[in-house]
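One structure is given here, and the rest of the page talks about it.
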Amino acid sequence: MATSKAPPFTLYEYRASPFCVAVRIALNECEATFTPREVDPEKERTAAFLRRSPFGRLPALVEHRPSGELSIFESPAILHFLAELTEAHVYEGPEARPTMLAAFHEELEQQVDVLDKHLARRAFLAGDYSIADTLATPLLDLLDQVKGLDLDGYPHLVSWRARLRSRPSYKGVWPSEKEEK
């Protein structure tokens, strides 16, 4: 008699989050079997969830091992874990890489478009400068590194980024090349 084996992963997610979407794409690219668990962002995090994601953020990926659970939280860490788990075939394999990158790029362009439209009506994310802007600032800086993303088509986002970069609090926050060496 065959026994049913549970999926090796559980993905705690909020489906509307681009970070959760990125992890879901990576899991699909790896052809990993997983159980999705939708987490309501408006509800207080349970103690059980906080053991898996200490900061209470999504996504969180749990690998079910014979020795116990391995919890990985923060989307960059999850993506790195999945890449290593599959020996980087998904991220460096000649067939899979273009598909994955195209999916990430399409999702990014959709998110940037929504953000640009939102910023057409206000100077900062919540109207006045807020924590949301602080969190977004380093992510906006990384947009320069995305090949094929033309920010000229998003004037409100470009203007917002310029306002963020002109704030005194922005000065000196990135390590200089001299400090990195």
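All of the numbers you see were taken from the coordinates with simple rules; none came from a lab. Being a predicted model, the structure only gives us computed values, none of them experimental. Backbone-built Cβ (ideal geometry, glycine too); neighbour counts: all protein chains shown.
Would you mind ranking Glu69, Glu13 so that the residue whose beta carbon has the fewest other beta carbons within 10 Å leads the list? Mind dumping the intermediate values first?
Working: Glu69 11, Glu13 21.
Final ranking by Cβ density, sparse to dense: Glu69, Glu13.
Viscosity 0.890 mPa s, temperature 25 °C: give me the Stokes-Einstein translational D for the range 96-170 in µm²/s, with Rh taken as the Kirkwood radius over C-alpha pairs. If you can, show how the numbers build up before the last one.
Working: Rh = 13.1 Å.
It comes out at roughly 187 µm²/s.
Find the percent of Cα-Cα distances in the range 9-92 that exceed 14 Å, and round it to a whole number.
On the way: 2104 of 3486 pairs.
Considering the range 9-92, 60 percent of its Cα-Cα pairs are separated by more than 14 Å.
So what is the relative contact order for the range 9-92, in percent, with contacts set as C-alpha pairs under 8 Å and at least six apart?
On the way: 112 pairs, mean separation 27.9, N = 84.
It rounds to 33 percent for the range 9-92.
Only four residue types carry charge here, +1 at the Cβ of Lys and Arg and -1 at the Cβ of Asp and Glu. Report the dipole size of the range 9-92 about the Cα centre in Debye, rounded to the nearest 20. It would help to have the intermediate numbers written out before the result.
Working: 9 positive and 13 negative charges, 74 e Å.
Here the size comes out at about 360 debye.
Tell me, Leu142, Leu50, Leu164 in order of fewest to most beta-carbon neighbours within 10 Å? Write out the running numbers ahead of the final one.
Working: Leu142 8, Leu50 13, Leu164 19.
Arranged by neighbour count, lowest to highest, Leu142, Leu50, Leu164 become Leu142, Leu50, Leu164.
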